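Have a look at the structure below before the remarks.
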Amino acid sequence: MLRGVYQSGILTVLNSASTDPLALWECKQQHNATGTSTIEIIDDDEISAPVLSIQGSELSKTYIACPRSPTSVLAIRLPYLVLVLKNTNQLVGFEVEVMDERGLARSFWIANYESSPQIHPRLSVLPLRLDQGWNHMTFDLAQMTRRVYGTQYTETRRIRFHASARLRFIFFADRLISEEDLPSELRLYY
């Protein structure tokens, strides 16, 4: 998707306040007898801003995935993944698929219901600890790939975010950026 595009600074893949925040995303919702799910933009009272709410009774059946097409890849080379999400005190998990210098696709499954890391050749499961309220989290994908798989990160291929949470932003950066140094449109509180 972005393989031929010059990448530096910050590259946003989700901004819940944008005109069409899910333009790049596939949305999968559950609608059956065992439960329903919602993926919608709502106003969050705490930050007085629109946020993406992903709610579902079954984690595996309610998610957003980027890019929209399952046969496409993001090809984002920026190594820092930043998520701004609200803890809704429900199960939440996300998967990041990366490519290493060997050309192997490897995935990180990160979830708040996992208690200990599990490392496998192509998939690693990692626990996620969320504070109450809004969380600003940065994942160094290059370091994670090196430490977990012993290989070099080359790009992010895909992201899948499962219910239940509220998301404000998902973006990539070429360096660690404190929340205070972000452009105003990427700050949680204006």
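The values are calculated or read from the model by the stated rules, or taken from the named source; none is laboratory data. Just so it is clear, the structure is predicted and the values come from calculations on it, not from any experiment. All Cβ positions, even for glycine, are placed from backbone atoms using ideal geometry, and neighbour counts span all protein chains on display. The area values use the complete protein model at the heavy-atom level, side chains included, leaving out ligands, DNA and RNA. Shrake-Rupley method; radii C 1.70, N 1.55, O 1.52, S 1.80 Å.
Residue by residue through the range 93-121, note down the ones that are open to solvent by less than 40 Å² (accessible area, probe 1.4 Å), among the β-branched types (V, I, T) and farther than 23 Å from E179 by Cα. Passing the criteria: only V98. Among the residues making up the range 53-71, those that are open to solvent by 10 Å² or more (accessible area, probe 1.4 Å) and in a strand (DSSP E or B) are Q55, G56, Y63.
Residue-by-condition table, conditions (1) within 17 Å of the chain's Cα centre (by Cα); (2) part of a strand (DSSP E or B); (3) not β-branched (V, I, T):
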| site | (1), (2), (3) |
| --- | --- |
| V51 | yes, yes, no |
| L81 | yes, yes, yes |
| E97 | yes, yes, yes |
| I110 | yes, yes, no |
| M144 | yes, no, yes |
| E155 | yes, yes, yes |
| R158 | yes, yes, yes |
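Being touching a Phe, Trp or Tyr at 6+ places or on another chain (Cβ under 9 Å), modelled with pLDDT under 95 and within 26 Å of R68 (Cβ to Cβ) holds for only one residue in A163, A173, and it is A163. Which one of T138, T151 is over 22 Å from L22 (Cα atoms) and either surrounded by 19 or more Cβ atoms within 10 Å (Cβ to Cβ) or of a type in the set (S, T, Y) (or both)? The match here is T151. From the list S124, S164, exactly one residue is in contact (Cβ under 8 Å) with a residue 60 or more places away in the chain, out of contact with any His (no Cβ under 9 Å at 6 or more places or on another chain), open to solvent by less than 60 Å² (accessible area, probe 1.4 Å) and closer than 16 Å to E95 by Cα. Which is it? After applying the criteria, what remains is S164.
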